[in-house]
Amino acid sequence: MIFTSLRSSLVTVIHVIFIRTDTKNQHSNVNNDIEIIVVNDASMDNSSQIAQKYTDKVIDIEHSGPVVSRNIGLKNATGDFIVFMDADDVLVPDAIGTLKKDIGDFDGVIGCRSDFVSPDCNDINTETKKSSHGVIAGCAMFRKSAFEKVGFFDEELLCGDGYDWLLRAKKAGLTTKEIENVLCMRRIHNSNMG
């Protein structure tokens, strides 16, 4: 697998958007050690134009789904560390700093997420929950070298690509650390994929 050259200790946040985004607020803890790549999966609004104001790179693609979008973002990342975000994820303050501090010598670090119900959804159960470890979007950081060993996400999968990748990573002998910190809030709405 060939990647572009890496900048020392840079964290690349790959943010997949479709239909909606709030990129400015998503990464309010951005500093010079973070590269934000937005992959615009054919949003039907002005998400791409908004994202261009607040990110390092916007890649517009024909609608291909989140798995293809993540792989495209990964191929364009220049950071040593990778964090994936979906449009319905909101990082908690200093999530990136926490992940970067806790990765140590591990190939990856995985925290937890908590769900919240979108204010525009009155017909959804309002009970929120804290996830177990194993969710990649918004809750995990991996070294880019881990993807060189394991490969990209399986584009044949509509969802569950993160779990599939984690299983392949374990089989490849990669090491991960699990932390109990809630690092990401996932918005629950009528069109969640998984």
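Nothing in this text is a laboratory measurement; each read-out follows from the coordinates by a stated rule. All values reported here derive from a predicted model rather than from experimental measurement. Cβ placement follows ideal geometry from the backbone for every residue including glycine, while neighbour counts extend to all protein chains displayed.
Can you list residues whose amide H is under 5 Å from VAL92's amide H, if they're 5+ apart or on another chain and H is modeled 1.01 Å from N?
For VAL92, the qualifying residues are CYS184, MET185.
Give me the distance in nm between label points sitting 7 Å out from Cα along the Cα-to-Cβ direction at GLU155 and ASP94, one decimal.
4.0 nm
Could you give the length gained by full extension between GLU180 and TYR163, i.e. 0.36 nm per residue of separation minus their alpha carbon distance, to one decimal place? Mind showing how you got there, number by number?
Values: separation 17, 0.36 × 17 = 6.12 nm, distance 1.83 nm.
Extra length from GLU180 to TYR163 when fully extended: 4.3 nm.
When Lys and Arg each count +1 and Asp and Glu each count -1, what net charge do the other residues less than 11 Å away from ILE37, Cβ to Cβ, add up to? Before the final figure, lay out the partial values.
Values: positive: LYS57, ARG70, LYS75; negative: GLU35, ASP56.
Around ILE37, the surrounding residues sum to +1.
Which of the pairs LYS53/LYS100; LYS57/LYS101; LYS53/LYS149 have their Cα atoms more than 31 Å apart in this structure?
Working: LYS53/LYS100 25 Å; LYS57/LYS101 25 Å; LYS53/LYS149 34 Å.
Over 31 Å apart, Cα to Cα: LYS53/LYS149.
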